[in-house]
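Okay, so here's the structure we're looking at.
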Amino acid sequence: MAKTLPFYVVILAAVSHSCYGTILAPEDYEWRPIFVDSEVVIGGPFGENFIWQFETQEDRILAFSILDGNIKDAQEFLSIRDGADIYSPKVQLENDDIIQLSRKGLPETLYSTTSKATVQFSKTPISHLKLRIQKAANCSYNIKPETQCGRMVDEVSCYCALFDNKNQPDQTMSCLDSGMKLVSFESKEEEELIQRTWSTQIPFWTSLTDTRRDGSWLWESTMTLLSNGNYTNWFPGRPLTQESDQFNCMLYGGSTYLTFWGDVNCSSLANAICEAQP
Ligand SMILES: *[C@@H]1O[C@H](CO)[C@@H](O)[C@H](O)[C@H]1NC(C)=O
Ligand SMILES: *[C@@H]1O[C@H](CO)[C@@H](O)[C@H](O)[C@H]1NC(C)=O
Ligand SMILES: *[C@@H]1O[C@H](CO)[C@@H](O)[C@H](O)[C@H]1NC(C)=O
């Protein structure tokens, strides 16, 4: 990958969501696929039959949305193809089950199923259309039996609940087997969006453990240490410090801990939430 990178136009993510940084116009297009490292925004005026090709990291897909508008209406002007050329099949809406489970109110987005896509303008758009192309995690509903997946937090990440009881190390492996990671709660908002989807009636494993060093809690999936001032949501009185060497994994929810974090024996059996980030 790194070897071919310099040959593409690489656009880095705009830091803030209200600012889209550079907007590429047709005259900026260099007649080779634009590599989408995080996101790219293209803006008109678009000429009829102008063709744009995009590609991203091999194991990721491309997400298409319209800034200040609706991607479904925009299809009157453009067609998005799921592959490297205009003869590839049209990009389809994501699986119904994923849409059902995904957070309402996310921008309407179309996804490729491969790491390449082609956009062709069949008509000149009436308005000043801005098309946003993002790198996204693939989201398949049934990665395994007893699985539910959706886009709970934003339009580019994917979360799956695995409804089978296993210990924490085994659930870590189950997520990895599906190209995902056991969940890490980076913020209260992320935790709440996940909780709203699956409730916390049943407990599930997260990637937070202090197995490496007692009392030093680490989100294993992101390798970030929980430090003072970071978001936490421990059940009152937890984690136990006097016995911490015996309760090294964070379990979320269930009848004991409700909507809080509990420190328990990593060998206990519970469900899991996996996540995939773009
Ligand atoms: C995304 O998932 C679908 C369904 O499992 C699969 O067919 C496709 O190859 C995956 N795409 C990538 C880029 O991994
Ligand atoms: C956790 O706290 C550290 C140190 O205060 C900070 O650098 C880091 O950004 C915080 N991480 C998160 C996810 O808030
Ligand atoms: C943790 O669970 C395992 C398996 O159930 C058990 O053998 C072990 O004694 C437990 N450890 C503690 C400290 O409760």
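The values are calculated or read from the model by the stated rules, or taken from the named source; none is laboratory data. The structure displayed is predicted, hence computed values, not measured ones. Heads up, the Cβs are rebuilt from the backbone with ideal geometry, glycines too, and the neighbour counts pull from every protein chain shown. Heads up: the accessible areas ignore ligands, DNA and RNA and are worked out on the full protein's heavy atoms, side chains in. Shrake-Rupley method; radii C 1.70, N 1.55, O 1.52, S 1.80 Å.
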- Message: As I understand it, the value is the acute angle between the Cα axis of helix 168-177 and the longest principal axis of the Cα atoms of the chain; what does it come to in degrees, rounded to 10?
- Response: 20
- For K104, the aspartates and glutamates lying under 18 Å Cα to Cα, once residues fewer than eight places off in the same chain are dropped, come out as D68, E94, D96, D154, E155, E189, E190, E191, E192
- J(HN,Hα) series, the range 224-238, from Karplus relation 6.51 cos²θ - 1.76 cosθ + 1.60, nearest Hz, glycine and proline x: 10, 7, 6, 10, 4, x, 6, 5, 9, 8, 5, 4, x, x, 10
- Say a site is exposed when it is one of the chymotrypsin sites (Phe, Trp or Tyr not before Pro), sits in a DSSP loop, and has at most 14 other Cβ atoms within 10 Å; what is then the longest site-free stretch of the chain? 88-230
- Helix 188-198 axis, angle to the chain major axis (alpha carbon atoms, nearest 10°): 90
- Have a look at T22, W52, Q246 and report the one farthest towards the positive end of the charge dipole of the chain, computed about the Cα centre with Cβ charges (Lys/Arg +1, Asp/Glu -1). W52
- Past 25 Å, Cα to Cα, is the threshold; run K90/K144; K72/K181; K90/K135; K130/K181; K72/K144 against it and keep the listed order. K90/K144; K72/K181; K130/K181; K72/K144
- Item | Within-12-Å neighbourhood charge of A117 [Cβ basis; K, R +1; D, E -1] | +2
- Message: For the range 24-99, take every pair of Cα atoms, bin their distances at 10 Å starting from 0, and report each bin as a whole percent.
- Response: 14, 52, 31, 3
- Message: Please report, in whole Å³, the volume per residue of the convex hull around the C-alpha atoms of the chain.
- Response: 142
- Item | Rel. contact order, % - alpha carbon contacts under 8 angstrom, at least six apart, the chain | 17
- Please give the solvent-accessible surface of E48 in Å², to the nearest 10, using a probe radius of 1.4 Å with every protein chain present. 120
- Spatial separation of Cα centroids for the range 43-102 and the range 203-246, in angstrom: 41
- Give a quick list of trypsin sites (Lys or Arg not before Pro) in the range 94-186 that DSSP marks as loop, anything other than H, G, I, E or B, with at most 13 other Cβ atoms within 10 Å. K104, K123
